[in-house]
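Each remark here refers to the structure printed beneath this line.
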Amino acid sequence: MRILFLCNKSPWPSKEGGPIAMNMLIEGLIGAGHQVRVLAVNSFKYNIKPGDIPQDYSEKTGIELIDVDLRVKAYPAFKNLFTSNSYHVERFISESFTARLTEVLKETDYDIVQLEMVMMAAYINVIRSHSKAKIVLRAHNIEHLIWERVAGNTSNPLKKWYLRHLARTLKIFELNAIRSADGVAAITGKDAEFFSSLTKKPVTAIPFGIKPGDYLVSGFTKTIPTIFIIGSMNWIPNQEGVRWFLQNVWTDLHKQYPALEFHIAGREMPSWMKNLALDHVFVEGEVPDASAFFAANDIMIVPLFSGSGIRIKVIEAMAYGKTVVSTSLGTEGIMCTRGENILIADLACEFFEMISVCIEHPEVLRKTASNARKLIETTYDRKKIIAELEGFYTILTS
């Protein structure tokens, strides 16, 4: 098949959840013998120099990066308050992207155009005008739900009102996009059920998959395990989680275990995080080698209280054979079992307890980590997931 991916950011380098999930499908489909081409938004938030992309990746994907100004502008944002349009989506609408997309669609007859993230559904009408391809919306999250949860966790009344406006207008757009696409490929079964309730079009769940050989397991060699978190720190739910953990859990943990280290890594660190001056808290910023960072640490914490979809970094941590302590929300969409291959904590006292158990009972740490690795190998194999996506494409195009 000939497949065109429209991405809200470059899938290369795959250093954070979205690009990792996109690249998994892109490389998996190429490996299965399909012709894949990529058009991606290039913005200040995730800016990639085309010359930095490896030649072999460019050749096999035909990747093109199109500069789109995603900066929030005061006047358009203010004007948007008096409309039912989504300002999240409006920022992605670009004349240059539209022009290049039109040219690409005229050059090649595609079987599938896959929209990575709901914002790219802004181009459905352009696709319909110039192509007979079936349009698949790849839903990484239920986007409006993220903003509803963020708004619910906000105490400032004015900010809460604005966030609710953003969530409401995004919901209108998202529900229309679901109904306008020819099919929806959700990233979790739970999300797929939600989308199925809104459209009669085909919906499937295509989770994140791994190649086990890419995720080497490291042993526990330290006297006391380290705890860590890694993720995009310009994403509000991640910032909220780190702040909550430091305020509600870390102080007691550090008193109980003075030698315990907490390592924080990720892109786009906010200034308050960079300037943390807490004993045994190490803010490492964007690490050059995520696999080395995983290997050097032991217990991944996921204190998420808003968000949607699947946490790619949780899947990766489990693939590396790491024990994960997460809120229930942080494990949404992951086919894991509490107490067997993951540890669940929704309260500060539960985070303290779960981490303490891992420190004082190394056998629990090792068993949970081993079971996590086995789960990922059996359930999230990339070849199996690509085969499921191919089957979904066949249904749409037959």
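The values are calculated or read from the model by the stated rules, or taken from the named source; none is laboratory data. These numbers were taken from a predicted model, which means no experiment stands behind them. Cβ placement follows ideal geometry from the backbone for every residue including glycine, while neighbour counts extend to all protein chains displayed. Surface accessibility is based on the protein's heavy atoms, side chains included, excluding ligands, DNA and RNA. Shrake-Rupley method; radii C 1.70, N 1.55, O 1.52, S 1.80 Å.
A helix-only calculation puts the chain at -13000 deg cm²/dmol for mean residue ellipticity at 222 nm, using -39500 (n - 2.57) for each DSSP H run of at least four residues, averaged over all residues. Computed with every protein chain present, the accessible area of LYS79 is close to 110 Å² [probe 1.4 Å]. Between THR379 and SER328, full extension at 0.36 nm per residue minus the direct alpha carbon distance yields a gain of 16.4 nm. When DSSP beta bridges are limited to those with both residues in the chain, what percentage is antiparallel, rounded to the nearest 5? Taking every DSSP beta bridge with both residues in the chain, the antiparallel ones total about 0 percent. Cβ-Cβ distance of LEU216 and ILE53, R₀ of 30 Å, FRET efficiency by 1/(1 + (r/R0)^6): the value works out to about 0.75.
Hey, got the dipole for the chain? About the Cα centre, +1 on K and R Cβ, -1 on D and E Cβ, debye to the nearest 20?
Working: 44 positive and 43 negative charges, 196 e Å.
In debye, rounded to 20, the chain gives about 940.
Here the label points at PHE282 and ALA74, each 7 Å from Cα along the C-beta direction, are separated by 4.3 nm in the simple model. Between amide H atoms placed 1.01 Å from N, distances below 5 Å from THR327 occur with VAL302, LEU304, ALA345, all of them 5 or more places distant or on a separate chain.
Rounded, prolate or oblate, given the Cα gyration tensor of the range 128-272, with a/c below 1.5 counting as rounded? Oblate, since a/c reaches 1.5 and b/c is not below a/b. Considering only GLY28, GLY339, GLY266, the Gaussian network model of the chain with Cα springs below 10 Å gives its largest mean-square fluctuation to GLY339. Computing FRET efficiency as 1/(1 + (r/R0)^6) for ILE224 and PHE44, where r is the C-beta to C-beta distance and R0 is 30 Å, gives about 0.15. With a ≥ b ≥ c taken as the square roots of the eigenvalues of the C-alpha gyration tensor of the range 200-299, please select rounded if a/c is under 1.5 and otherwise prolate if a/b is larger than b/c or oblate if it is not? Oblate. Taking 0.36 nm per residue of sequence separation and removing the Cα-Cα distance, the GLU95/GLU390 pair yields an extension gain of 103.0 nm.
Cross-link partners of LYS201 among lysines, defined as those whose alpha carbon lies under 29 angstrom from its own and excluding same-chain residues fewer than eight positions apart: LYS9, LYS106, LYS132, LYS134, LYS171, LYS190, LYS383, LYS384. The packing ranking of peptides 168-177, 111-120, 344-353, highest mean first, is 111-120, 168-177, 344-353, where packing means the average number of other beta carbon atoms within 10 angstrom of each residue. Once all protein chains are placed together, ILE30 keeps about 40 Å² accessible to a 1.4 angstrom probe. Defining a contact as two alpha carbons under 8 Å apart and six or more residues distant in sequence, what relative contact order in percent does the chain show? Answer for the chain is 14 percent. Shown in residue order for the range 195-205 are the 3J(HN,Hα) couplings computed by the Karplus curve 6.51 cos²θ - 1.76 cosθ + 1.60 at θ = phi - 60°: 5, 4, 6, 10, 9, 8, 6, x, 10, 9, 10 Hz (x for Gly and Pro). Taking amide H as placed 1.01 Å from N in the peptide plane, the amide H of GLN114 sits under 5 Å from that of LEU4, PHE5, LEU6, VAL136, each at least 5 places away or on another chain.
Based on the alpha-carbon gyration tensor of the range 282-390 and its eigenvalue square roots a ≥ b ≥ c, which shape applies: rounded if a/c is under 1.5, prolate if not and a/b is larger than b/c, or oblate? Since a/c stays below 1.5, the shape of the range 282-390 is classed as rounded.
In this simple spin-label model, placing a label point 7 Å from the Cα along the Cα-to-Cβ direction at both ASN156 and SER197 gives a separation of 3.3 nm. Annotation: THR337 carries an accessible surface of approximately 70 Å², with a 1.4 Å probe and no ligand, DNA or RNA atoms counted. Surface composition of the chain: carbon and sulfur atoms hold 53% of the protein heavy-atom accessible area at a 1.4 Å probe.
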